[in-house]
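Following: one structure in structure tokens, then a few remarks.
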Amino acid sequence: MQRSEYGGGIGVFNYTGDLARNFDFRNVKPAATLFYRANISKVVSFRTSMTGGKLGASDSRPFDPFAARRGQSFNIFVLELSGVYEYHFLDWRDDTRRLRFTPYLFAGLAMFGITGNKSKPAEYSNVQFCIPFGGGFKYVLNPNYYLSLEYGIRKTFFDYLDNVSDGDFSYKNYQYGNPHDYDHYYFVALTLTRTLYDIPCPRSPY
């Protein structure tokens, strides 16, 4: 039986916040992940992951006059530890069927840390929590390995990924953003998984 799995993959991070209001392919940065997965049933799994990579954006492509005057940018490293449940829609683990793929959804809880920002210790901690969720597609290569293509959103409760949030509106230095709109980041990855099998021990018939 396929009780547990491990693997890793490469992909990209992206970001939305005060410097980029929409997913912009020009802001993609390299990222990678390692994970361990425990299969609870044929359709439900629990995965623990460590994911890290670069995250950045710039006002060099401003979307409004305030962004043009602000001229802000950031380039940080994000390290994330997460635990998520996966739900698979198809019975892809059944060896008697020819089905070799399944779409899936996942959701859970994660903690991430950032380095590289000009810290404001009085305002925030560089370690924060977020909610990872998303979906993907798995394809079986052989009984021991399979590939996954995954897209995940990290919903944060934090407005300083880009080091821009509220500001002193009494003077116009334009070094502020929207404090009521949290920053979020995204992970798109291609992963390879190695499956470990439990070999049942023979029992004595007597």
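List of remarks:
- Sorted by Cβ density within 10 Å, fewest first, the residues Arg93, Arg21, Arg26: Arg26, Arg21, Arg93
- Derived scalar couplings ³J(HN,Hα) [the stretch 141-154; Karplus, 6.51 cos²θ - 1.76 cosθ + 1.60; whole Hz; x for Gly, Pro]: 7, 7, x, 9, 9, 8, 9, 9, 10, 10, 10, x, 9, 10
- Toward the positive end of the charge dipole of the stretch 6-58, with +1 on the Cβ of Lys and Arg and -1 on the Cβ of Asp and Glu, the farthest Cα among Leu34, Leu19, Tyr6 is that of Tyr6.
- Over all other residues within a Cβ to Cβ distance under 15 Å of Phe46, the charged ones net out to +2, with Lys and Arg as +1 and Asp and Glu as -1.
- Charge sum, other residues only, whose C-beta stays under 9 Å from Phe112's C-beta, Lys/Arg counted +1 and Asp/Glu -1: 0
Where a number appears in this text, it was derived from the coordinates with a stated rule and is not lab data. A quick note: this is a predicted structure, and the numbers were derived from the prediction, not measured. Don't worry about glycine lacking a Cβ; one is built from the backbone with ideal geometry, like all the others, and counts go over all protein chains shown.
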